[in-house]
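The values are calculated or read from the model by the stated rules, or taken from the named source; none is laboratory data. Please read these numbers as outputs of a predicted model, since none were measured by experiment. Here the Cβ positions follow ideal geometry from the backbone for every residue, glycine too, while neighbour counts run over all protein chains shown. In case anyone asks, the SASA skips ligands and DNA or RNA and just uses the protein heavy atoms, side chains included. Shrake-Rupley method; radii C 1.70, N 1.55, O 1.52, S 1.80 Å.
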Amino acid sequence: MIKVLDYPMRIGGEACPAATGEWIDTAYPFTRKTWARIPRGTAVDAAAAVGAAVQAFERPDWAGLTPSARGKLLHRLADLFEARAEEFARLEVMDNGKRITEMLGQMRRIPDWYRYFAGLADKVEGAVLSNENQAVLNITRPAPLGVVVCITPWNSPLLLAAYKLAPALAAGCTVVLKPSEFTSVSSVVFADLFAEAGFPPGVVNVVTGYGDEIGAALVSDPRIAKVSFTGGDVGGRAVYKLAAEHFHEVALELGGKSPNIVFPDADLDNAANGVLAGIFAATGQTCIAGSRLLVHRDIHDDLVERIVSKSKGIRMGDPLDAATQMAPVATEAQYQKILEYIDIAKAEGATCVLGGKAGQGAECGDGLFIEPTIFTGVTNDMRIAREEVFGPILSVIPFDSEDEAITIANDTDYGLAAGLWTQDLSRAVRLSERLKTGTVWVNIYRAVSYTSPFGGIKQSGIGRENGKKAIEEFFAPKSIWFNTAPTVANPFEMT
Ligand code: NAD
């Protein structure tokens, strides 16, 4: 019998159950057994959390800190997090079922986000502006926006929270974080590190519950300044509409249907590894999954053979076992959705050359496993090529020329990322310009860094996270005018 643990929300530095007293069960995707409960927060809890963040934003123990002092707090937070990286990795594996090696890798990198933005906190500057009236001094000062609502999905909860919290806090904003209802535990535990690092209560609040309940209530609160949302396009659209009601600033990081494009002059073994990393490494549960493989017809069979042969050896199993190479998918709904897409692809006439079914071996236990699946003979008008599956399903689409590759790559509602595999430098430069995406990787896939802007165009979202400019998204420049002339002219007397 597993002991089920309760993880209350953190509002104003206090641990709180939901006002209604209701809880949501959290299951380990490998066993499907409940191991934790999180509060089912509603509008009442949303209002309390926003209230705590509004108060903290105004209080001198936060508002009165210099930018350098905020940077020091963030450095302390990074140190505390680093010391507990393994604990957080295990919590995330229990929540979303991703591999321990992947989550440990993420946790070990998260402190870099907080340190990078800690360093930027005191480097955001205003300006002295030129003015036609020499008696006037006009300056701008960066003013922190206010309360930021940060909403995260289930695939990488703390990493995606770091994209938002690190710049928001460095800028002097306060935060209400709402993680996915499937993966809230790590964020709730993380909230306690802020108190330990010396952040005043209410600067970071973590609430839990369903998107259309507490999530929507947070976004609808007129007291907030900005919503920073990462998730799917359905949730993103709902959030965008709600935020518009109150003219809140919005950043949306949404889904993708990213092409990985391989030319005959590529190192095919490297390309095969890049394709695998793009689609199977996180069981396909990543917004930047390279779910469309666009391959030149001359090397189609060769590349597919290499990918199939490497994929056959992928070891499924308990995500807490470091030897596991592919983990289960995170939720029952996601599992059913992926199986449906496999049926859709088959019905559309694609050829399944690997997998195409649930993983049922002994190593899969009761887990929500889908075998690594590859479809050839896909055309770009098929649903399997157009819709985000968010699972380990690769669609292979052949092309004959550069122009055709670019046309297919750009013929999508999404625009998050693309991979290019070629040894020809001029082709790499030429095509990276023509790809309509926020990121292009050449001879590498799935690289992200706190130093590099990340985000999408079209239905992949609005705005950019990471990189130096990300901190500016949490400021509003205030223009201040000083008159130094001894007299102010009477407006009704012409001079
Ligand atoms: P989701 O949209 O279902 O949920 C994301 C978050 O939004 C959750 O916390 C959810 O509770 C909340 N939410 C949902 N509806 C809401 C509403 N009406 N109001 C307020 N909050 C609401 O997404 P998911 O299934 O958790 O995550 C998978 C999706 O996230 C995929 O589409 C993936 O591509 C995307 N994603 C994007 C990025 C990126 O950086 N672009 C990164 C990771 C994941």
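Some observations on this one:
- Of the residues making up region 430-456, just one is within 18 Å of residue 282 (Cβ to Cβ) and away from the ligand (no atom under 16 Å from the Cβ), namely 444.
- Residue pairs whose Cβ atoms lie under 9 Å apart, sitting 6 or more positions apart in sequence or on different chains, and linking a residue in region 328-347 that is under 12 Å from residue 389 (Cα atoms) and open to solvent by 10 Å² or more (accessible area, probe 1.4 Å) to a partner that is among the small types (Gly, Ala, Ser) and not in a loop (DSSP other than H, G, I, E, B), are 335/358; 339/358.
- Condition met for residue 377 (on the phi > 0 side of the Ramachandran plot, open to solvent by 20 Å² or more (accessible area, probe 1.4 Å) and more than 16 Å from the ligand (Cβ to nearest atom)): yes
- Residue 195 vs. criteria touching a strand residue (DSSP E or B) at 6+ places or on another chain (Cβ under 7 Å), under 28 Å from residue 69 (Cβ atoms) and either within 16 Å of the ligand (Cβ to nearest atom) or not charged (D, E, K, R) (or both): no
- Check on residue 304, more than 16 Å from the ligand (Cβ to nearest atom), touching a residue at least 40 places away in the same chain (Cβ under 8 Å), farther than 19 Å from residue 105 by Cα and in contact with a Ser or Thr (Cβ under 8 Å, 6 or more places away or on another chain): yes
- Residue in region 159-169 that is surrounded by fewer than 24 Cβ atoms within 10 Å (Cβ to Cβ) and in contact (Cβ under 8 Å) with a residue 40 or more places away in the chain present: yes
- Only a single criterion out of (1) open to solvent by less than 40 Å² (accessible area, probe 1.4 Å); (2) assigned to a helix (DSSP H, G or I) is not satisfied by residue 287, namely (2).
- Residue within region 245-260 that is near the ligand (Cβ under 7 Å from one of its atoms) and outside any loop (DSSP other than H, G, I, E, B) present: yes
- Criterion violated by residue 361 - all others in (1) of a type outside the set (A, V, I, L, M, F, W, C); (2) at positive phi; (3) modelled with pLDDT under 95 satisfied: (2)
- For region 428-463, a residue qualifies if it is without any contact (Cβ under 8 Å) to a residue 60 or more places away in the chain, open to solvent by 50 Å² or more (accessible area, probe 1.4 Å) and touching a helix residue (DSSP H, G or I) at 6+ places or on another chain (Cβ under 9 Å), and the qualifying residues are 430, 434, 436, 442, 453.
- Matching residues, region 221-244, being buried (at least 20 other Cβ atoms within 10 Å of the Cβ) and within 9 Å of the ligand (Cβ to nearest atom): 227, 229, 230, 231, 235, 236, 239
- Within region 18-34, being over 19 Å from residue 216 (Cα atoms) and either polar (S, T, N, Q) or crowded, with 17+ Cβ neighbours inside 10 Å (or both) holds for 26, 27, 28, 29, 30, 31, 34.
- Only one of the numbered conditions (1) surrounded by fewer than 22 Cβ atoms within 10 Å (Cβ to Cβ); (2) within 9 Å of the ligand (Cβ to nearest atom); (3) part of a helix (DSSP H, G or I) is not met by residue 217, and that is (1).
- In the set (1) open to solvent by 60 Å² or more (accessible area, probe 1.4 Å); (2) free of Cβ contacts under 8 Å to residues at least 60 places away in the same chain; (3) within 12 Å of the ligand (Cβ to nearest atom), the condition left unmet by residue 425 is number (3).
- Residue list for region 194-211, filter: on the phi > 0 side of the Ramachandran plot and open to solvent by 10 Å² or more (accessible area, probe 1.4 Å): 198
- In region 9-36, the residues that are β-branched (Val, Ile, Thr) and assigned to a strand (DSSP E or B): 11, 24, 26, 34
- Restricting region 145-154 to residues that are open to solvent by less than 10 Å² (accessible area, probe 1.4 Å) and near the ligand (Cβ under 10 Å from one of its atoms) leaves a set whose member that is farthest from residue 225 (Cα to Cα) is 152.
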